[in-house]
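Below is one structure, written out as structure tokens, with a few remarks after it.
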Amino acid sequence: MSALATLTHSSTVTFEEEEREIKTTVVARLDAATDVVLLTLAAADGSELPAWRPGAHIDVLLSNGITRQYSLCSDPDDRSSYTIGVLNAPASRGGSRYVHESLHVGTSLTIRGPRNHFELVDAQRYVFIAGGIGITPIAAMLREVENAGKPWMLYYGGRTVSSMALREELESLGDRVSIWPEDTAGFMDLATILGSPDEDTVVYTCGPEPLLAAIEKICDARWPEGSLHYERFAAKAIEGATDTAFEVELAKSGRRITVPADKSVLETLGENGVHILSSCGEGTCGTCETPVLEGEVDHRDSVLTKDEQSRNDCMMVCVSRSKCPLLVLDV
Amino acid sequence: MSINIEKPYIESEYAPIYDPFTPEFQADPFSVYERLRREAPVYYNEKWNFYALSRFDDVRAALRDHETYLNYQGVDIDDFEQEQSGYPGMLPNIDNPRHDQLRATVQRSFMPRSIRALTDEVRQVCDLLIDKFADQKDVDISADYSWPIPFEVFYNFLGMPEGDIREKFVRWTHGIKDRKIGSTELTDFARESSRELREYLAYLLRERRKNPRNDVLTAIVQAEINGVPLAPEDIDYAAEATGLAFALYLGGVETTAGTMSTLFEQLARYPEQQQALHNDPMLIPRAVEESLRYRTIFQVTARTTSRPVEVDGVQIPEGKRVFLILGSANRDETVFENADQFDILRTPKPHLGFGEGLHGCLGNPLARLESTVALEQLVARKGMFELAGEPRRYITTPNAYVLDRVPVAFK
Ligand code: HEM
Ligand code: FES
């Protein structure tokens, strides 16, 4: 599970206030680019939604038991609906795949929030750098900055033109928008984009980890402290934290095998000649259930009940991982 | 002929490498598959306008890519009009999002942990059948053992009534698969059986609504999807809930009977492998897996492309039927050493006998349990056996390779 799955906000750990859950309905669904859908949600009872500012995100409670966070990209002044953008990463399981396949116009959906950990500060000038689906919070910011009459530039990178959501709308804003599809234009030229550090300019960026790391490096070295504002999205499908490697011990043989961060237990065992029956490969069918003798499982299936999961005596090895360094399996 | 890279292999005069609707092909599918893998891994048949994939990696990738390969036109390679499958609720033929929602309503009943609870019952069924031929030397191990087991176990599990009416179920089960070899259409008997069975399943579901029990039919009639009941007020033959029950009915017997028949037929041919099982019954699950791989009862499934896709350098356009030949994938010599040999001792490896991914077999834990226990009981209670006549091919859809007669003689 390595591809960028969705916007998850690693900074979102505290709940500032008792947030109410809001029942919403999907009122529009737009295929905005290859593997990106824009979903517009309105309150199920037709009431106004809570106010928000650009940079805010909401929690979406998916009925498969997963909670995911998505940035709002619509117009904050329009309180009748929220729009979120969702990327269906090929390697993602559960969350964004679920959104792509199961959420259609008319589907009901519970959300929480909005919350904002990526506030737009007041400045003279703005440089926005977005990578892939990271365009969603940035798009809402652009609108606000544009309305305030402040100068801005947007650099927007993506894999291919067809994978870049909102591209046409943004391009219509003129030459302050610069589009960088990797396959034809290559990577964004960050050294030039960030080549003139300036007291009165702030840099806002959202995108995949390598992009953020490169920007952070340049800004740390050359820009005044506090100019860079960013939001990461974790390269992982489920609830924020990044996958890590861990060991499994096979009780019957005593063998220990390391499961790397980007492979499932099922795959890893298979590569080591230990074949566990499987079918769906995505935690829905229960075929690959494997008894667990020791260790705490990070359950990611959607077939066991919460109770069954909490017993910690088995796991679906096609998706579930470990919360501790070593799991002992009865294999 | 060499492997074509830019273009699919196209028949010129109609002397097809692969036409599953011919008796010649059905007589010996595996040698055809071998040619396909070697000469035409992306095969196009002009007469019937379908593509076919035959290599393990290609078939597997397609099974897992449920965005490019869709099921809405059915998994049957015949019945072009979808007379039998074109109803709501037919799980194998439904794409997401509905597929996952529908499957989730019955998934828990079919999980290995739920199925394991049936072990003793399956053993009892097997024992009763063995009792009947315990003192006989000559036994038809397909007709008298392999077939009756799933009939009994599966109908109980589903929640079908017992008694004389079971004979009717048996007739319907054969009836819905009735085909004329060489034809792509259902027979009248198949049409009639499908209709009667649907009517009856709808009636049973209405009945279960009134008198719920601990069975799969009750699970279906009580299921809700996002708070909406799956079954309507008035359940009729065309209801989605009825379609789901029909799909299960369709999947549960012939496949399992066929796998066991193959298992016993092959063991009859290899006394040393039988001996190995007697020496070490722990090998039994491996023998079951090998029979699933070796004959691949559900030989081929079908998909329809939602977008153009490239396989082995060949473009398959959008909207095309693509046959995924599981039976060929499971004999791919680049994956399985000595692939054409039945060998229960081979190194275990994942096979595609139950498909994989979204539509991977719902009933696989049940089929595995039945086959394993059936072999366990036979090994425990009877001695070695050898083939005592020609096995007979069951007449069914061209998707399947099933035996219904396997005469053996016990020593
Ligand atoms: C050894 C016996 C069996 C074999 C070889 C077998 C084979 C298969 C295969 C290959 C598929 C995948 C089809 C595809 O991808 O298009 C499948 C799907 C399915 N099988 Fe089985 N099967 C067996 C037993 C059973 C049993 C006992 C049931 C009980 C109800 C069952 C019900 C189903 C259903 C409902 C599906 C469709 C699943 C879906 O679309 O989500 N099968 N089976
Ligand atoms: S293979 Fe289906 S849950 Fe793991």
Inset, instruction - Say whether the condition of being more than 30 Å from B:Val139 (Cα to Cα), more than 21 Å from the chain's Cα centre (by Cα) and surrounded by 22 or more Cβ atoms within 10 Å (Cβ to Cβ) is met by at least one residue in region B:240-259. - result: yes
Inset, instruction - Go through region B:294-318 and give me each residue that's modelled with pLDDT of 95 or more and either on the phi > 0 side of the Ramachandran plot or aromatic (Phe, Trp, Tyr) (or both). - result: B:Tyr294, B:Thr296, B:Phe298
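Being among the aliphatic types (A, V, I, L, M), in contact (Cβ under 8 Å) with a residue 60 or more places away in the chain and not assigned by TED's automatic domain parsing to the domain that holds A:Gln69: is that true of A:Ile138 here? Before the answer, list the steps.
Details: among the aliphatic types (A, V, I, L, M): yes; in contact (Cβ under 8 Å) with a residue 60 or more places away in the chain: yes; not assigned by TED's automatic domain parsing to the domain that holds A:Gln69: yes.
Here the answer is yes, as A:Ile138 does meet what is asked.
Every residue, every condition in (1) part of a helix (DSSP H, G or I); (2) at negative phi; (3) more than 14 Å from ligand 1 (Cβ to nearest atom); (4) more than 14 Å from chain A (Cβ to nearest Cβ), yes or no:
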residue: B:Arg123; (1), (2), (3), (4): yes, yes, yes, yes
residue: B:Ile130; (1), (2), (3), (4): yes, yes, yes, yes
residue: B:Asp135; (1), (2), (3), (4): no, yes, yes, yes
residue: B:Val139; (1), (2), (3), (4): no, yes, yes, yes
residue: B:Phe151; (1), (2), (3), (4): yes, yes, no, yes
residue: B:Asn156; (1), (2), (3), (4): yes, yes, no, yes
residue: B:Glu167; (1), (2), (3), (4): yes, yes, yes, yes
residue: B:Thr173; (1), (2), (3), (4): yes, yes, no, yes
Legend entry - Index of the failed condition, A:Val303 passing every other in (1) surrounded by 15 or more Cβ atoms within 10 Å (Cβ to Cβ); (2) outside the structural domain of A:Val202 (by TED's automatic domain parsing); (3) more than 16 Å from ligand 1 (Cβ to nearest atom): (3)
Inset, instruction - Return yes when B:Phe133 is among the aromatic types (Phe, Trp, Tyr), buried (at least 16 other Cβ atoms within 10 Å of the Cβ) and within 30 Å of B:Leu63 (Cα to Cα) and no when it is not. - result: no
Inset, instruction - Please state which of the following conditions B:Ala374 fails to meet, knowing it meets all the rest: (1) away from ligand 1 (no atom under 13 Å from the Cβ); (2) within 21 Å of B:Asp140 (Cα to Cα); (3) hydrophobic (A, V, I, L, M, F, W, C). - result: (1)
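Look through region A:264-319, keep the residues that are of a type in the set (Gly, Ala, Ser) and touching a Leu at 6+ places or on another chain (Cβ under 7 Å), and return whichever of them is farthest from ligand 2 (Cβ to nearest atom).
Going residue by residue through region A:264-319, those that are of a type in the set (Gly, Ala, Ser) are A:264, A:270, A:273, A:278-279, A:281, A:283, A:286, A:295, A:302, A:310.
Those left that are additionally touching a Leu at 6+ places or on another chain (Cβ under 7 Å): A:278, A:295.
Numbers: A:Ser278: 4, A:Gly295: 18 Å.
Selected residue: A:Gly295.
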Inset, instruction - Just need a number here: residues in region A:247-263 that are out of contact with any strand residue (DSSP E or B) (no Cβ under 8 Å at 6 or more places or on another chain) and either under 16 Å from A:Ser320 (Cβ atoms) or within 16 Å of ligand 2 (Cβ to nearest atom) (or both). - result: 4
Inset, instruction - Would you mind finding the one in A:Gly295, A:Gly240 that is away from ligand 1 (no atom under 16 Å from the Cβ), away from every other protein chain (no Cβ under 14 Å) and either at pLDDT 85 or above or in contact with a Lys or Arg (Cβ under 9 Å, 6 or more places away or on another chain) (or both)? - result: A:Gly295
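Of all helices (runs of 4 or more DSSP H) completely enclosed by region B:17-75, which ones contain at least 3 residues that are surrounded by 17 or more Cβ atoms within 10 Å (Cβ to Cβ)?
On the way: elements: B:23-27, B:29-39, B:56-64.
Result: B:29-39, B:56-64.
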Inset, instruction - Please work out if B:Val32 is touching a Leu at 6+ places or on another chain (Cβ under 9 Å), of a type in the set (Val, Ile, Thr) and away from every other protein chain (no Cβ under 14 Å). - result: no
Inset, instruction - Find the residue count for region B:245-271, including only residues that are more than 8 Å from ligand 1 (Cβ to nearest atom), under 30 Å from B:Tyr203 (Cα atoms) and not aliphatic (A, V, I, L, M). - result: 2
Legend entry - Pairs, first away from every other protein chain (no Cβ under 13 Å) and closer than 22 Å to B:Glu356 by Cα in region A:303-331, second in a strand (DSSP E or B) and away from ligand 1 (no atom under 16 Å from the Cβ), C-beta under 8 Å, six or more apart: A:Ser320/A:Val297; A:Ser320/A:Asp298; A:Arg321/A:Phe246; A:Arg321/A:Val259; A:Arg321/A:Val297; A:Arg321/A:Asp298
Inset, instruction - Give the residue that is nearest to B:Arg116 (Cα to Cα), with candidates limited to residues of region A:271-287 that are more than 7 Å from chain B (Cβ to nearest Cβ) and either outside any loop (DSSP other than H, G, I, E, B) or away from ligand 1 (no atom under 16 Å from the Cβ) (or both). - result: A:Ile276
Inset, instruction - Sort out for me the strands (runs of 3 or more DSSP E) sitting completely within region A:105-223 that have 2 or more residues that are among the small types (Gly, Ala, Ser). - result: A:108-116, A:125-131, A:152-158
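Can you tell me which residue in region A:251-279 is surrounded by the most Cβ atoms within 10 Å (Cβ to Cβ), limited to those that are of a type in the set (A, V, I, L, M, F, W, C) and out of contact with any Asp or Glu (no Cβ under 8 Å at 6 or more places or on another chain)?
Quick first cut of region A:251-279, residues of a type in the set (A, V, I, L, M, F, W, C) only: A:251, A:257, A:259, A:261, A:265-266, A:269, A:274, A:276-277.
Imposing the further condition that a residue be out of contact with any Asp or Glu (no Cβ under 8 Å at 6 or more places or on another chain) reduces the set to A:265-266, A:269, A:274, A:276-277.
On the way: A:Val265: 27, A:Leu266: 23, A:Leu269: 23, A:Val274: 19, A:Ile276: 18, A:Leu277: 18.
The extreme case among them is A:Val265.
The values are calculated or read from the model by the stated rules, or taken from the named source; none is laboratory data. Computed from a predicted structure; not experimentally measured. FYI the Cβ positions are ideal-geometry reconstructions off the backbone, even for glycines, and counts take in every protein chain you see.
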